[in-house]
Amino acid sequence: MTLAYIVLEGNRDQEIIQKLLPKHLLQDVKFVVGNGQYEVRSLASSLLATRNTPVILILDADTDNESQIFEKRDLINYLLRRAAAKTPFQVSLAIPETEIIFLQNKPLIEKIAQRQFNDLEWKFAQSKPKEFLETVLGKETSINDKIFSNINDEEIKILQQHPLIQEIMIFLSSLTVSSVAIN
């Protein structure tokens, strides 16, 4: 039985989320990966309408402008609510991109990159995390591979404190609690 679907924009995002979520929350969860925001919104709507299974849609906000983020979240919630009927769903926006999760702890990314970052570099990192990581860690190896091969379980726990990961964990935990209560 599928407990929930996690719908994301790309394989890299799936890899990040899959490695950072605790294993017990991933039991009976299926990942659905699309290309681009319109496709994943459509996939999430279809899953809600046809499967009656909870969905969490994870998208890049592609901005840090609060009013644009609010509008985007509001629009997507409206569209999914129409398809969901009474099926639980959640829209989670990575602000500005999923890779921001790696940049919540400056000393950790400095350790991985083996260098210190000045204030200007760090400001750029916060606004364009994916581009920053590709510049600093190189494009020849996957950013995810480079980061996950250089961190331990304690450092994964640090990354799990990011609000996006916490939001996903809370949603999935609520589903496991409610499914236990039903059985």
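Of note:
- Scanning the range 104-121 for residues being of a type in the set (D, E, K, R), surrounded by 10 or more Cβ atoms within 10 Å (Cβ to Cβ) and more than 25 Å from the chain's Cα centre (by Cα) gives a total of 1.
- Residues satisfying the stated conditions in the range 145-159, i.e. within 18 Å of the chain's Cα centre (by Cα) and among the aliphatic types (A, V, I, L, M): Ile147, Ile156, Ile158, Leu159
- Matching residues, the range 123-181, being touching a Leu at 6+ places or on another chain (Cβ under 8 Å), open to solvent by less than 50 Å² (accessible area, probe 1.4 Å) and charged (D, E, K, R): Glu155
- Matching residues, the range 22-39, being touching a Phe, Trp or Tyr at 6+ places or on another chain (Cβ under 8 Å) and open to solvent by 80 Å² or more (accessible area, probe 1.4 Å): Lys30
- Residue match in the range 83-96 (condition: of a type in the set (Ser, Thr, Tyr), under 23 Å from His24 (Cα atoms), open to solvent by less than 40 Å² (accessible area, probe 1.4 Å) and not in a helix (DSSP H, G or I)): yes
- Within the range 40-62, tally of residues that are open to solvent by 30 Å² or more (accessible area, probe 1.4 Å) and touching a Pro at 6+ places or on another chain (Cβ under 9 Å): 1
- Condition check for Phe70: out of contact with any helix residue (DSSP H, G or I) (no Cβ under 7 Å at 6 or more places or on another chain) and either in a helix (DSSP H, G or I) or surrounded by 15 or more Cβ atoms within 10 Å (Cβ to Cβ) (or both): yes
The values are calculated or read from the model by the stated rules, or taken from the named source; none is laboratory data. Note that the structure is a prediction, hence the values are computed from the model and not measured. Note: ideal-geometry Cβ built from the backbone for every residue, glycine included; neighbour counts use all protein chains shown. Each accessible area value is taken on the protein alone, full model and side chains, heavy atoms only, with ligands, DNA and RNA left out. Shrake-Rupley method; radii C 1.70, N 1.55, O 1.52, S 1.80 Å.
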